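**Student:** Before we start, here is the structure in question, set down as structure tokens.
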Amino acid sequence: DLTDRKATVDVLSKITTEHRIDNLINNAGGGFHAYLGEIDSDQLTQTFDLNLAPLILCAQACIPAMKEKGRGRIVNVGSRAAYGKGGQSIYSASKAGVHGMTKSWALELGKYGITVNTVAPGPIATEMFMKNNPPDHPRTKGIIDNILMGRMGEPEDIAGACEFLVSDKAGFITGQTLFVDGGLTVGLAPS
């Protein structure tokens, strides 16, 4: 439970004591579908506690070994929703925060040979997406109809982007957000 900060710090301490971390992929996310007038303070706290705080704790635990080696890769998983999405105010804000942290960390860590980037998924066929967007719902059809590639993304699409960004081939890329969304952020698919 990444929202349990003490437990998270304890696990990270154990991991970083036993292993020297080369790459960190911060992939935590979740939120509530709620329009502005429906948002309550518990939803706000829970979303930010899951989508932002653990990323900071994980990075803090991993960067000492990366600094010592003079090389490291951090990939934060953001979201296309950072650009805004109806009913997703809190989630969108938290993922926009991920994008902002990425840029700040890139500025702070570049001198140590550590790159920091964000992979921002669009609609990906995950359990969480399918729970919030049932396949037979008109909203889901509308989402798919607007994806330039004409299909939902797969988890492998995100994994491939992360794999590239932690590789040596991406050693000159930092502070960037790579949208893996089938072209959704470019614009709407032509009819």
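The values are calculated or read from the model by the stated rules, or taken from the named source; none is laboratory data. Keep in mind it's a predicted model, so treat the numbers as computed, not measured. Positions of Cβ are backbone-derived with ideal geometry, glycine not excepted, and every protein chain shown enters the neighbour counts. Just so you know, the surface numbers come from the protein's heavy atoms only, side chains and all, with ligands and any DNA or RNA stripped out. Shrake-Rupley method; radii C 1.70, N 1.55, O 1.52, S 1.80 Å.
**Student:** Consider N76 against the criteria (1) modelled with pLDDT of 95 or more; (2) over 25 Å from G171 (Cβ atoms); (3) polar (S, T, N, Q): it satisfies all of them except one. Which criterion is unmet?
**Tutor:** Just one mismatch for N76, condition (2).
**Student:** Yes or no: A65 small (G, A, S) and closer than 18 Å to V98 by Cα?
**Tutor:** It is false that A65 is small (G, A, S) and closer than 18 Å to V98 by Cα.
**Student:** Which residue pairs have Cβ atoms under 7 Å apart, sit 6 or more places apart or on different chains, and have a first residue in segment 103-131 that is basic (K, R) and a second that is not in a helix (DSSP H, G or I)?
**Tutor:** From residues that are basic (K, R), the pairs are K103/G175.
**Student:** For segment 166-191, name all the residues that are touching a residue at least 40 places away in the same chain (Cβ under 8 Å), open to solvent by 30 Å² or more (accessible area, probe 1.4 Å) and more than 24 Å from G100 (Cα to Cα).
**Tutor:** Matches in segment 166-191: L188 only.
**Student:** Give the residue, chosen from L50, L44, L24, that is over 30 Å from K169 (Cβ atoms) and within 13 Å of the chain's Cα centre (by Cα).
**Tutor:** Only one candidate passes the filter, namely L50.
**Student:** How about segment 47-165: which helices (runs of 4 or more DSSP H) wholly inside it have at least 1 residues that are open to solvent by less than 70 Å² (accessible area, probe 1.4 Å) and within 17 Å of G182 (Cβ to Cβ)?
**Tutor:** Qualifying helices (runs of 4 or more DSSP H): 127-132, 138-145.
**Student:** For K69, indicate whether it is modelled with pLDDT of 95 or more and either more than 10 Å from the chain's Cα centre (by Cα) or not hydroxyl-bearing (S, T, Y) (or both).
**Tutor:** Yes; evaluated as a whole, the condition is true for this residue.
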